[in-house]
1. What does the extension gain come out to for B:Asp156 and B:Glu212, with contour length at 0.36 nm per residue minus their alpha carbon separation?
2. Shielding of B:676-684 by partners, i.e. mean partner chain Cβ atoms within 10 Å per residue?
3. Can you give the extra length, in nm with one decimal, that the chain gains between B:Thr718 and B:His610 once fully stretched, where that is 0.36 nm per residue apart less the Cα-Cα distance?
4. Can you give the three extents of the C-alpha atoms in the range B:568-648 along their principal axes, from longest to shortest, in whole Å?
5. So how tilted is helix A:144-159 from the main axis of chain A? Cα-based, degrees 0 to 90, rounded to 10.
6. Short version: which residues of the range A:97-118 lose at least 40 Å² of accessible area, all chains versus chain alone, 1.4 Å probe?
7. Can you pull the mean other chain C-beta count within 10 Å for peptide B:240-249?
8. Straight-line reach from A:Lys115: which lysines have a Cα under 28 Å away, not including same-chain ones fewer than 8 places off?
Amino acid sequence: MSTRREIRLTVNGAEHAVTVPPRKLLADCLRDDLGLTGTHVGCEQGVCGACTILLDGEPIRSCLMFAVQAQGAELETIESLARSADDLHPVQRAFWEKHGLQCGFCTPGMVLTAKALLESTPDPSEDEIREAIAGNICRCTGYVFVVDAIKAAAEARADA
Amino acid sequence: MPEAQQPKLLGARVKRVEDPRFLTGRARYVDDIVRPRMLHAAFVRSTIAHAEITGVDSTAAAAHPGVRAVMDGRQMAERALPIVCNSLVPSWQETRYPALAADRVRFVGEAVAAVVADDRYVAEDASELVLVDYAPLPAVASIAEAIADGAPRLHDGWEDNFFVKRHFVGGDPDRAFAEAAGTLQLDLRSNRHSGIPLETRGCIAEYDDAEETLTLWTATQIPHLVRTGLADVLQMPENRIRVIAPDVGGGYGIKGHLFPEEIAVCVLAMEVGRPVKWIEDRREHLLASIHAREHEHRLEVAYTEDGTVLGLRARVYVDCGAYSVYPWTSTMDTGMALGILPGPYRIRHYECEAYSVTTNKCPLGPYRGVSRPAACFSIERAMDEVARATGLDPFEVRRRNLVRPDEFPYQSVTGLVYDSGSFHEALEEVCRQADLDGMRAEQERARAEGRLLGIGFACYTEQTAHTTNEFIKRGVPIIFGYDTATVRMDPSGKVAVYVSTHSHGQGHETTYAQIVADQLGLGLGDVKVFFGDTASAPYGHGTFASRSAVLAGGASHRAAGKVREMLVDFAAHELEADAADMELGDGEAFVRGAPGRGVKIADLARWAYHRPERLPPGMEPVIEAVASYDADPGTGTFANAAHLTLVEVDPDTGGVDLLRYAVVEDCGRMINPLVVDGQVHGGVAQGIGGALLEELVYDENAQLTTTTFLDYRLPGATDIPRISVSHLETLSPFTIEGIKGMGEGGAIAPGPALASAVEDALRPLGQVFVNELPLTPERVRRFAEQAGAAGR
């Protein structure tokens, strides 16, 4: 694949120039070219949701998009939310408090999906939460504490 | 020595210390690791289930721009031995599982060649240019085909298609069947599915020619066993191999194997003289990692009029696929089924024949619960059938047959020692917690409206932390009965714990720290747990079989106990007190009853390393200990649980809606109830997946037809109900702190509980026997039609 394109991506508020083959997936570009390895790849066909990032605030599958298609959009990955335990986003804090993660592989995608949900639906019902994360497969938690975490994050948000 | 402190952290519901790195996207899984000059591998995999390889032409692939190496099976055979994992059971027949197949392929997806290129995209392009010529052989696609007269043989020199044949007789089954008021014959089938971690397999190999050392980063549950296996097949000294398991995105048993791809990637890295990475894609994972659970059981049950099960005869077939897997062999599922089939029930007369069968399918290996989901399915369905045959309540039949509280420790008919348990209490408690009477009333109301609601039970006891004697009995070549830990205090008085188990969701960084901190009178933040690197952890086996908390937790407890003794002796020497009067707590060593008379543990640590002249005579400046733990008396410890569910079945769509799911479980003393709850939830969800959704379907040519997540359905948040969990704590008399293993348990009972519930739901249509899992919409419709036909 000899033809490569120089593109400009806006990720987590910063602009990056990268040169990629047109067929390179956005997920691979974020991981390989920008070193943002918090975005995980679980199926490469848009089913598992591990590669979920926010594009102009909406959750999308970064494995279903080529990097060259993401020019001009505002991309947000898990790395944008916090650097350490000290500055966790309320959704991250709630996942920690409620044990909403185990192996952690689905967690970045799950957290970003939850963040987007709470921005559009500040007080979701349990059914709304389950619908919202239905495209994010978690193989460890059985979703019980994930749902609890998102509820707790919604409550924390309401109290803030 | 003084008694240990009153535990402060053991048993506390503390949140996990490891979470921030996962929450912030800073965890490091194998695909997140980049090595200088790293290349990327892709595998060429067999498209045919059974064939001779008559030729491999790599010319075009090797010439493709960006390709650095192509290797086929013949070249691989010169560089690595095949995986051979032999059981010591006399009827065993051996397989040789090559890193790349050279002469013959035995399942679709078996690796036949590998391409190394500058990036993964190019490696995949070039892998399509490798031309493999096959001369097809007849494929064996099922147990029935494998055991038929004149079946094609998969392995040269075998006398039939059985890896192993086992036969057990306990008590006097003939007499039990002669004396029975009635007998039943049941045929049951659990179909193939698997653990399917969200992170696929993957590894990076790097060979240092100057140092003659090989480093393998790999997504594994068993770093030391991978190292030993690699040393054997590569014929390298083991001290020249370092295996690092970084963060691992789920395992569930599937990543507890030495894989052909790991060997191939090591060989390729040595060949090209550069680091090589391989990350499995999802299709490869579904085709060629490890499958599980494919069992066929024929059960005969002898019972009395009062619902007592007198005797059991079982014939167990397990489809183990093409090769024996390392380090388990292909005997795990049959051996386990044979041993545990009577379950938590007092069945004294039992005969079992068990056969591990080879077929042209992906190799079968351990997955959360290993065989017990199928064994529990059989015995629980038998309990329901006895209830139906005797007209008794299924709850009552179970109650009459469960091992009673006064019978522990109870030796089962197969010689297992159930150390302790709460079999009756768990069943009664789950009925109370989930309000069985209320459920029944709801079911009646729904039936009056023409809706089909059903209630299902299942009970189990799970052998956990299998210890040395248990593995000797099974005839496995490696006895995984113990595990190990190093506890090391540094000059600042902080502690590093190195363990040979690997945590990939189980929370060991928190739970082991809870154990060690209590022993040393420190806080949780003073202890850091490290694992996954064979260069730092003592030799041990890894994480599987619900063993880590008991065995590596026990080893951490013992090693910390030795460090505690050193600190106590040193403190007593400093304070001119009697060691027997010393206590550790809040970061201090002090004389009991004299709180003012103490010394900071941090000071002791500093002095031990920097002022060794202060140490008592004979004490070395090494505040460190290594310990192993293998729970006495070597029979393991048994956890137990009861599950109860209420479902609604739509006979037209075949849909099963889970209205309620309740668990009462007993894993002895809980180190951290938050982690225990999470493990139960996750196990139940995987059990529900295997009971309703997940199936690896092979066609008659042994082609896998479920190779994407569109065909292989994993449960999502809308498929799993709010699972309610409560706990009993019957301490094990055999283990440190009475801890029992529990990681797998949740996955064992959902199959039988849901089968029972679906059958109960369909009852207004007519009587059927739900004998097959998973209960996909297609099967539920079929059972509904059968029920309708039976009811007419």
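1. The B:Asp156-B:Glu212 span can extend by a further 16.5 nm.
2. Details: counts 0, 5, 10, 4, 2, 9, 10, 2, 2.
Per-residue shielding by partner chains comes out at 5.
3. Result: 32.9 nm gained on full extension.
4. Here the Cα extents, ordered largest to smallest, are 72, 29, 24 Å.
5. 80
6. Buried on complex formation: A:Glu97, A:His99, A:Leu101, A:Gln102, A:Cys103, A:Phe105.
7. Numbers: counts 0, 0, 0, 0, 0, 0, 0, 3, 3, 11.
Rounded to a whole number, the mean comes out at 2.
8. Answer for A:Lys115, where 28 Å is the Cα cut-off: A:Lys24, A:Lys98, A:Lys151, B:Lys15, listed by chain and number.
The values are calculated or read from the model by the stated rules, or taken from the named source; none is laboratory data. Every value quoted in this text rests on a predicted model; they were computed, and no experiment measured them. All Cβ positions, glycine included, derive from the backbone under ideal geometry; neighbour counts span all protein chains shown. Heads up: the accessible areas ignore ligands, DNA and RNA and are worked out on the full protein's heavy atoms, side chains in. Shrake-Rupley method; radii C 1.70, N 1.55, O 1.52, S 1.80 Å.
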